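The values are calculated or read from the model by the stated rules, or taken from the named source; none is laboratory data. Since this is a predicted model, take the numbers as computed values, not measurements. Here Cβ is always computed from backbone atoms with ideal geometry, including for glycine, and neighbour counts include all displayed protein chains.
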Amino acid sequence: MQVRSVELRVAADRLRQGAAENLRKAVTQLQVPERGYGVEAAFDRYTTAAAYRAFTSAVEQEFRLLEQAARELADALDRTADDYDAADRRAATRTGASATRAAGGR
């Protein structure tokens with residue numbers, strides 16, 4: 001079975017540079033209100049920033065996990081492409097050797 005490993009590598013690059021990188025940027029954006037403005041100022045004496053912080057912390061953790069998963073999947077696609085390329089080289093070597101013998105060569 002012939003597999004086009006280039007397509008696997010393209011998908012891996014898209015995952016790394018598209019999905020994973022955008023998730024990393026989203027985490028950075030989640031941190032802007034707290035770092036840039038101080039969230040406490042948005043709340044009064046009757047409410048606190050605790051619920052907001054709990055929510056953003058949970059979302060940040062989810063984004064980090066998704067980023068890690070995207071990068072790991074991209075790495076797996078690259079390894080799979082490498083394995084297919086190696087299998088194709090081995091098959092070509094065996095096929096080439098068999099063809100030479102069949103033609104009367106050594």
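Remarks
One line per residue, one yes/no per condition, for (1) touching a Phe, Trp or Tyr at 6+ places or on another chain (Cβ under 7 Å); (2) among the hydroxyl-bearing types (Ser, Thr, Tyr); (3) in contact (Cβ under 8 Å) with a residue 60 or more places away in the chain:
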residue: Ala19; (1), (2), (3): no, no, no
residue: Lys25; (1), (2), (3): no, no, no
residue: Thr28; (1), (2), (3): no, yes, no
residue: Pro33; (1), (2), (3): no, no, no
residue: Ala50; (1), (2), (3): no, no, no
residue: Gln61; (1), (2), (3): no, no, no
residue: Ala74; (1), (2), (3): no, no, yes
residue: Leu77; (1), (2), (3): no, no, yes
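- Checking each residue in segment 1-22 for being within 20 Å of Ala86 (Cβ to Cβ), assigned to a helix (DSSP H, G or I) and not acidic (Asp, Glu) picks out Ser5, Val6, Leu8, Arg9, Val10, Ala11, Ala12.
- From Val27, Val32, Val39, Val59, residue being touching a Pro at 6+ places or on another chain (Cβ under 8 Å) and over 23 Å from Asp85 (Cα atoms): Val39
- Tally, over segment 44-76, of residues that are within 26 Å of the chain's Cα centre (by Cα) and not aliphatic (A, V, I, L, M): 13
- Lys25 meets each of the listed conditions (1) assigned to a helix (DSSP H, G or I); (2) over 32 Å from the mean Cα position of the chain (by Cα) apart from (2).
- A search for C-beta distances below 6 Å between a residue of segment 80-106 that is under 17 Å from Val3 (Cβ atoms) and any residue that is at pLDDT 50 or above, counting only pairs 6+ apart in sequence or on different chains, returns Thr80/Leu8; Ala81/Ser5; Ala81/Leu8; Ala81/Arg9; Tyr84/Val3; Tyr84/Ser5; Asp85/Ser5.
Yes/no matrix, rows are residues, columns are (1) modelled with pLDDT under 95; (2) surrounded by 14 or more Cβ atoms within 10 Å (Cβ to Cβ); (3) touching a helix residue (DSSP H, G or I) at 6+ places or on another chain (Cβ under 9 Å):
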| residue | (1), (2), (3) |
| --- | --- |
| Arg9 | no, yes, yes |
| Leu23 | no, yes, yes |
| Gln31 | yes, no, yes |
| Gly36 | yes, no, no |
| Arg45 | yes, no, no |
| Thr48 | yes, no, yes |
| Val59 | no, no, yes |
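- Which numbered condition Glu72 misses (of (1) modelled with pLDDT of 95 or more; (2) over 30 Å from Arg4 (Cβ atoms)): (2)
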